[in-house]
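The values are calculated or read from the model by the stated rules, or taken from the named source; none is laboratory data. It should be emphasised that the depicted structure is a prediction, and the values quoted were computed from it without experimental measurement. Positions of Cβ are backbone-derived with ideal geometry, glycine not excepted, and every protein chain shown enters the neighbour counts. In case anyone asks, the SASA skips ligands and DNA or RNA and just uses the protein heavy atoms, side chains included. Shrake-Rupley method; radii C 1.70, N 1.55, O 1.52, S 1.80 Å.
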Amino acid sequence: MAGEISSGPEAGPSLSAGDAEILKLFDEIVREWWVKSFSKYQELFTPPQRLAVPLISHGRDVLLCSPTGSGKTLSAFIPIINELFTLSRSGGLENGIYCLYISPLKSLANDIHKNLEKPLSEIQSLAKEKGIEIQEVRHAIRHGDISAGDKARMLRKAPHILNTTPESLGILLNSPRMRERLKTVRWVIVDEIHSLAGSKRGVHLTLSLERLEELKKEFCPEVDPDVGSFSRIGCSATIEPLDEISAFLAGNRRPIEIVDTRFSRQFDLKLLCPVPDLISTSSRELGDRLYQALHEHIQEHKNTLVFTNTRNGAERVLYNLRSRYPEFYNKENSGCHHGSMGKEGRMETEERLKEGSLKVVSSSTSLELGIDMPHIDLVVQIGSPKSVAALLQRIGRAGHNLDQVVKGRIMVLDRDELVECTVMLEKGKKGFVDRIHIPTNCLDALCQHVLGMALERTWKLDDLSWVVRRSYCYRDLTKEDFLSVIEYLSGRHAGMEAKHIYSKIWYDEEAGTITKRGRNIRMIYYTNTGMIPDQFSCDVLTRDGRWIGNLDEKYMEKLNKGDVFVIGGRSFKFCYRRGGNVYVDATEERPNIPSWISEKLPLSFDLGKHILQFKSEMIWMMNNRPRKEVIRWLLREYPIDENSARSIYEIFDQQISYLGEDSISTNYRISVEEQVDPKTFRRTYYFIANYGVRFNDGFSRMVAYMVSLQKTSNVYVSINDAGFMISLPMNRRVDVESVLRSINEANCEELLRKALENTHLLKRLFRINACRCFMILRNYMGKRKSARRQQVSADMLIYFARKLDRFAVLDESYREIIEDKFEVENIKEVLRGIQSGEIELVTKDSPSPSPMAFGIASIGASDVIFAHDKLALLKEFHRRVMGKIAENRATVEGVA
């Protein structure tokens with residue numbers, strides 16, 4: 001059959017020797033379908049298909065990294081479809097599941113389910129035309145939205161390909177009847193693996209995969225789980241580090257192949273600044289220029305996708321386009337998509353995107369992953385996406401075919417983001433991708449799987465531990481942590497039953513075995529398992545009981561007593577929280593916690609280091625090249641427009657003229673500005689550390705904790721990606737260098753634990769982990785406990801947990817915050833630099849915030865509509881800086 005495929009014009013694309021070899025792997029019906037389907041393209045196989053198909057066909061584990069629109073999903077599926085049709089021709093297809101497709105999103109699972117229908121039905125029809133009798137190859141979808149009737153049908157007639165989510169797979173492993181159907185699994189595909197690897201959902205999935213190996217061993221004793229009884233295939237467009245992600249997918253002891261064709265597409269990327277000067281321009285003019293530029297770009301393209309960093313931002317963009325240009329944009333040709341919309345509205349927008357009937361769609365992060373959008377030819381990002389990975393994921397939605405150029409534009413509206421986006425675009429074009437932090441040794445996910453395994457049968461602890469440690473995420477799990485989970489689940493801690501925390505397993509310490517306990521435990525497991533937490537909004541009230549509004553509970557993570565925030569244009573000072581109620585006092589003070597802090601994505605630590613490196617290079621250029629040459633260098637080396645290049649030059653020129661070049665934080669320097677404000681009687685320290693908000697959140701808490709010990713006064717903290725601000729009474733001066741040098745790699749984790757005590761962040765994470773560990777039951781006896789009531793229970797139970805030694809739920813809450821939320825290993829890296837002298841500490845007395853501290857100094861100002869408009873505040877800061885620069889120059893000229 002392969003010999004019949006020539007390289008003549010009627011055969012379509014030229015057929016390389018490699019393509020011919022790949023086609024030989026296919027059954028003749030599948031081969032003919034492939035050639036008919038793809039002969040219209042220049043190449044019969046895309047780069048990821050050419051490399052991955054042979055590997056998957058030969059049963060290898062594969063991590064496949066390739067851009068959106070490069071055919072990576074089909075690369076994973078076609079060898080599997082081929083093998084299923086080969087089995088169907090011989091009548092060898094059993095009534096079981098052969099392939100599991102795991103998706104992080106229900107919408108993506110639904111989309112892939114629809115996309116599979118085409119090849120399966122067309123190959124089936126082609127076989128029928130040729131008179132070849134084959135069994136039907138079935139496929140189905142299973143997640144929380146699927147009806148009980150559909151689930152029952154799967155038990156009777158199992159799909160050969162099952163699309164599902166990590167949570168549903170966890171439940172299937174404990175379903176006695178579905179376990180029988182899973183014994184035939186030969187392939188597992190994990191799509192968009194980057195979005196799972198960086199979360200506890202991914203940790204949970206790695207344990208599910210190891211349990212699936214054990215399930216197969218149960219039915220086929222000759223199977224060696226350490227070698228692997230099914231192929232694991234991971235797919236992603238943007239991911240690093242590849243070696244860690246491949247180990248995450250394959251497990252701790254299995255070899256895996258990496259197919260890396262991420263940069264097989266052409267990119268057309270550029271940073272646009274709509275005005276020459278972001279500070280002197282009025283808000284109205286900035287808005288006019290932004291929407292004029294956005295409108296022009298949309299009209300020059302067929303379909304445009306606009307990303308913002310918040311849901312409100314997505315709504316605002318659509319509203320402005322429709323109100324400013326009503327003759328161009330209406331409900332028929334424009335739309336919005338974000339997580340707060342109803343399911344029907346989101347699905348309607350998705351369908352219209354797929355068919356190409358929407359000229360423009362605005363979105364927050366909800367369209368980064370998932371459905372194919374073949375008609376999108378431009379992606380516009382408003383503001384910084386905060387990481388190269390997010391940038392490439394979003395921009396990659398444009399130019400869906402491999403031969404199309406990926407076209408993306410970032411429109412920046414904030415002076416602080418100019419340098420950030422400049423570096424991000426340059427690194428993206430050169431192939432850099434930020435590393436993903438993979439959580440490890442998560443005790444809550446372990447609790448769920450230990451209980452799930454105890455439901456199956458009696459386990460020896462050594463055997464159970466061996467299965468767990470095969471997961472990459474638990475390769476370093478200590479015996480103490482493992483036993484803390486066993487002791488918690490078996491109710492070994494004194495006083496648990498008095499708090500209505502009942503044991504879930506029997507633990508025979510002498511025999512070293514565990515098994516399930518109680519008649520209702522299986523139903524408790526089914527109705528409470530999963531890693532996605534419930535969320536709720538807090539009611540905000542004054543202390544005399546007047547209702548003010550609502551706050552997302554995640555916002556509470558940043559609040560400490562005395563912090564000021566805005567609701568409805570008015571400032572309020574946080575006093576305390578009781579359950580789901582937040583109590584406040586009205587105040588005229590300026591906010592230190594912005595309203596968007598819980599919604600925006602954090603700057604990646606890796607990108608932060610590259611920004612600091614760029615600052616070093618800019619200092620050298622400023623010292624050694626004239627202004628015009630520096631601007632030409634920026635335009636030549638970075639994908640930015642002239643407004644951006646000139647603005648970047650001005651920021652550095654003003655900073656150096658105001659406080660000197662050593663006031664600029666670089667990869668070898670952290671700069672701290674000290675300012676005394678006699679009007680507010682406050683002394684403020686601005687720590688310029690461009691390592692991102694995760695780093696700055698953890699680092700600032702340690703600094704604030706050490707300062708509060710020394711000065712015995714309340715310390716207010718504000719953070720953003722560029723650094724953090726610490727404010728205390730004017731008569732309390734801090735020896736910054738002494739404080740920073742007192743924090744080191746050895747003591748930082750203990751300091752963080754002390755700084756976290758009694759914080760709302762710890763209480764919230766404790767509630768989430770208590771639910772995951774079945775300490776607080778979200779569902780019991782047909783009744784659901786709301787997230788608010790869960791929090792009330794958690795607030796009481798945390799005091800009990802603190803009295804216990806090695807209590808798994810509380811230990812996991814601290815671990816999650818310190819290791820995952822603050823990414824403490826990055827903090828340790830910087831602390832090592834400070835201790836070794838690689839990173840110097842520079843403190844500057846500053847009468848007013850410097851240009852590079854404007855962003856930190858104005859945190860929260862944009863929320864106060866009635867008093868402190870952010871732009872007005874920035875203009876005032878700028879006026880002071882330029883006045884001081886003029887004064888300095890006059891002094892120098894006078895001396896000369």
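Here are the numbers for the structure shown:
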quantity: Portion, in percent, of the accessible area of the chain that falls on carbon or sulfur, probe 1.4 Å; calculated: 48
quantity: Residues of the stretch 812-835 with amide N under 15 Å of a point placed 7 Å along Cα→Cβ from residue 753; calculated: 812-819
quantity: Separation between Cα centres of the stretch 627-670 and the stretch 801-826, rounded to whole Å; calculated: 41
quantity: On Cα atoms only, tilt of 760-772 relative to the major axis of the chain in degrees; calculated: 10
quantity: Cα gyration tensor category, rounded, prolate or oblate, for the stretch 416-552 with a/c compared to 1.5; calculated: oblate
quantity: The stretch 735-881: C-alpha gyration tensor shape, a/c 1.5 cut-off, then a/b vs b/c; calculated: oblate
quantity: Gyration tensor over alpha-carbon atoms, the stretch 619-736, equivalent ellipsoid semi-axes in Å; calculated: 34, 15, 12
quantity: Two-site label geometry, residue 803 and residue 510: point separation in nm, points 7 Å out along Cα→Cβ; calculated: 3.1
quantity: The chain - mean residue ellipticity at 222 nm from DSSP helices (-39,500 (n - 2.57) per run, n ≥ 4, rounded to 500); calculated: -14000 deg cm²/dmol
quantity: Solvent-accessible area per residue, Å², over the stretch 482-531 with all protein chains present [probe radius 1.4 Å]; calculated: 52
quantity: Residue-by-residue Karplus 3J(HN,Hα) for the stretch 744-753, coefficients 6.51, -1.76, 1.60, Hz, glycine and proline x; calculated: 9, 4, 6, 9, 5, 5, 5, 4, 5, 4
quantity: HN-Hα J in Hz across the stretch 69-78 - Karplus 6.51, -1.76, 1.60, θ = phi - 60°, x for Gly and Pro; calculated: x, 9, x, 5, 5, 5, 4, 6, 7, 5
quantity: Residue 99 - accessible surface, heavy atoms, 1.4 Å probe, Å² rounded to 10; calculated: 0
quantity: On Cα atoms only, tilt of 870-895 relative to the major axis of the chain in degrees; calculated: 50
quantity: Amide hydrogen neighbours beyond the local backbone of residue 844, cut-off 5 Å, H modeled; calculated: 672, 673, 674
quantity: For residue 163, residues with placed amide H under 5 Å, excluding near neighbours; calculated: 101, 140, 141, 142
quantity: Degrees, to the nearest 10: 693-711 long Cα axis against longest axis of the chain; calculated: 50
quantity: Antiparallel DSSP beta bridges within the chain, percent to nearest 5; calculated: 45
quantity: Relative contact order computed over the chain (Cα-Cα under 8 Å; 6+ residues apart), in percent; calculated: 11
quantity: Rounded FRET efficiency, nearest 0.05, which uses the C-beta distance separating residue 260 from residue 875 and R0 of 35 Å; calculated: 0.15
quantity: Spin-label pair residue 738/residue 494, simplified geometry with 7 Å Cα→Cβ offset, distance in nm; calculated: 4.3
quantity: Solvent accessible area, Å² - residue 315, 1.4 Å probe, full protein context; calculated: 80
quantity: Solvent-accessible area per residue for the stretch 260-317 (1.4 angstrom probe, square angstrom); calculated: 45
quantity: Solvent-accessible heavy-atom area per residue, rounded to whole Å², over the stretch 370-442 at 1.4 Å; calculated: 25
quantity: Sequence-distant residues sharing a close amide H with residue 381 (under 5 Å, placed H); calculated: 307, 409, 410, 411
quantity: Inter-centroid distance (Cα atoms) of the stretch 36-59 relative to the stretch 127-190, Å; calculated: 26
